[in-house]
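Taking it in order: structure first as structure tokens, then the write-up.
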Amino acid sequence: MPHAVDEPAFADLDRVGDGVVDCSVLMPVLDEERHIALSVAAMRCQRFPGRLEFLVVDGGSSDRTRALLAELAREEPRLRVLENRRRSTASGLNVALAHARGRWVARMDAHAQYPDDYVALGVQRLMRGETRWVSGPAIATGSGPVSRAVALALRTPLGHGGSRKWTAARNSSNGEFELDAGVFAGVWARDALLAYGGWDEQWLRNQDSEMAGRFLARGEKLICLPGMASEYTPRDSLGSLWRQYLEYGEYREKTAVRHPHTLRRSHLLIPALVLTAGAAAVAPPTARRAARKGLAVYAFALAGAGLRAARDANAARDGALVPVVLAAMHLAFGLGFLRGVKRHGPPLAAVAGALGLGRLAFSLAPEPRPVFAPSLTTSEGPLN
């Protein structure tokens with residue numbers, strides 16, 4: 001059901017002159033020939049009482065994505081197609097931001113379905129003040145057996161790990177709430193994004209959380225509106241899920257090194273699980289027995305999560321896969337986190353803060369570092 005948009009609140013939008021844009025919608029894509037038509041259609045369906053432009057940034061697709069975008073751009077004058085030579089999601093977003101003409105900016109991803117008032121609700125909330133980042137919850141909806149099992153897993157405490165972005169339903173009667181660095185896309189004032197330096201292109205994953213760390217460090221409130229909930233489609237193979245969470249773990253650790261305040265205690269449990277699994281195999285006998293008991297408790301928790309998820313499953317197979325995908329998500333994330341420690345250094349300040357050792361965390365906190373965003377200043381231009 002559409003949510004109420006207060007159109008009088010937009011009465012001051014500038015209607016003067018051709019080419020005036022109120023909000024720019026940014027979408028980085030790569031090899032999306034199966035989804036790009038639906039993604040652009042979702043952008044075009046936005047009910048916004050102002051002028052929109054759609055900036056789709058292609059990262060060098062090898063399929064028919066570019067050809068399809070060229071066709072869509074001929075049909076839709078508000079659509080501009082840009083080139084992302086660095087190919088990462090963060091660089092694509094920065095290319096789009098550099099070309100955006102709107103007062104506001106909204107991010108949309110190709111594998112998510114957004115409500116048709118997503119932009120309007122976000123801009124309306126920004127105009128009320130007291131925040132410079134507004135987003136909605138993510139609702140995982142599966143498209144195949146593994147994907148559906150992941151969606152069920154993300155509804156369990158073992159799956160969402162305390163992240164509030166996964167826990168609010170689209171039609172929730174609850175009001176807005178604040179988020180930590182666990183965010184999903186969003187709507188901002190363009191000037192605010194530029195003031196914070198855009199997306200850091202050293203983050204192949206977790207780009208929004210890294211940027212959220214910068215916002216939170218300056219006391220900003222990250223507001224989540226249940227009405228802006230969007231549907232996210234998880235990966236539908238264990239291999240792709242494993243690779244995804246391996247990268248999630250590494251870049252969550254890298255974010256904790258750069259922004260210690262973004263680490264939750266629950267983030268430490270997963271690498272601890274991996275270390276426990278290692279101890280169960282190679283530790284001295286006493287420690288090995290203790291580790292194996294810990295793994296038995298974990299296995300029991302997985303089974304319980306699977307039984308609870310099965311109640312919501314449309315097929316018995318989906319519920320049965322929940323313990324499997326949870327284990328894959330946890331082990332991959334934990335290994336990725338440990339790989340991050342090796343590559344980016346240990347997050348000492350973050351661990352101290354998560355354990356409540358405030359003074360130690362303060363003394364270990366790193367110096368602020370500039371945002372690496374070369375695509376904000378390069379001359380990459382439109383393809384169409």
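Residue-wise test of (1) under 25 Å from R243 (Cα atoms); (2) at pLDDT below 95.
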| position | (1), (2) |
| --- | --- |
| A281 | yes, yes |
| D318 | yes, yes |
| A352 | no, no |
| L355 | no, yes |
| G358 | no, yes |
| R369 | no, yes |
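Reported count of residues in the range 15-31, each being modelled with pLDDT under 90 and crowded, with 16+ Cβ neighbours inside 10 Å, is 0.
Condition check ((1) at pLDDT 95 or above; (2) of a type outside the set (S, T, N, Q); (3) over 30 Å from D236 (Cα atoms); (4) surrounded by 21 or more Cβ atoms within 10 Å (Cβ to Cβ)) across all residues:
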| position | (1), (2), (3), (4) |
| --- | --- |
| C45 | no, yes, no, no |
| R51 | yes, yes, yes, no |
| L55 | yes, yes, no, yes |
| S61 | no, no, no, no |
| T65 | no, no, no, yes |
| R87 | no, yes, no, no |
| W104 | yes, yes, yes, yes |
| M127 | yes, yes, yes, no |
| W133 | yes, yes, yes, yes |
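If you take the residues of the range 289-316 that are at pLDDT 90 or above and not aliphatic (A, V, I, L, M), which of them is farthest from T156 (Cα to Cα)? Across the range 289-316, the extreme among qualifying residues is R289.
Checked against the criteria, A168 counts as closer than 12 Å to G136 by Cβ and either at pLDDT below 90 or among the polar types (S, T, N, Q) (or both). Reported count of residues in the range 328-352, each being in contact with a Leu (Cβ under 7 Å, 6 or more places away or on another chain) and surrounded by fewer than 17 Cβ atoms within 10 Å (Cβ to Cβ), is 0. Only one entry of Y196, Y251, Y245 meets the criterion of being among the aromatic types (F, W, Y) and over 17 Å from the mean Cα position of the chain (by Cα), and that entry is Y196.
Restricting attention to the range 193-240, report how many residues are over 28 Å from G129 (Cβ atoms), touching a residue at least 40 places away in the same chain (Cβ under 8 Å) and outside any loop (DSSP other than H, G, I, E, B). Within the range 193-240, residues that are over 28 Å from G129 (Cβ atoms), touching a residue at least 40 places away in the same chain (Cβ under 8 Å) and outside any loop (DSSP other than H, G, I, E, B) number 3. Pairs linking a residue in the range 32-47 that is more than 15 Å from D58 (Cβ to Cβ) and in the same structural domain as L68 (by TED's automatic domain parsing) to a residue that is among the small types (G, A, S) and not in a loop (DSSP other than H, G, I, E, B), with Cβ atoms under 7 Å and 6 or more positions apart or on different chains, are R47/A120. Considering the range 268-326, and only residues there that are in a helix (DSSP H, G or I) and among the charged types (D, E, K, R), the residue that is surrounded by the most Cβ atoms within 10 Å (Cβ to Cβ) turns out to be D318. Look at V341 and say whether it is touching a residue at least 24 places away in the same chain (Cβ under 8 Å), within 24 Å of the chain's Cα centre (by Cα), assigned to a helix (DSSP H, G or I) and over 20 Å from Q202 (Cβ atoms). Judged against the criteria, V341 is not a match. Considering only residues in the range 205-263 that are under 21 Å from L179 (Cα atoms) and of a type in the set (S, T, N, Q), the one that is surrounded by the most Cβ atoms within 10 Å (Cβ to Cβ) turns out to be T255.
The values are calculated or read from the model by the stated rules, or taken from the named source; none is laboratory data. Bear in mind the structure is a predicted one, so any value in this text is a computation, not a measurement. Positions of Cβ are generated from backbone atoms using ideal geometry, with glycine treated the same way; all protein chains shown enter the neighbour counts.
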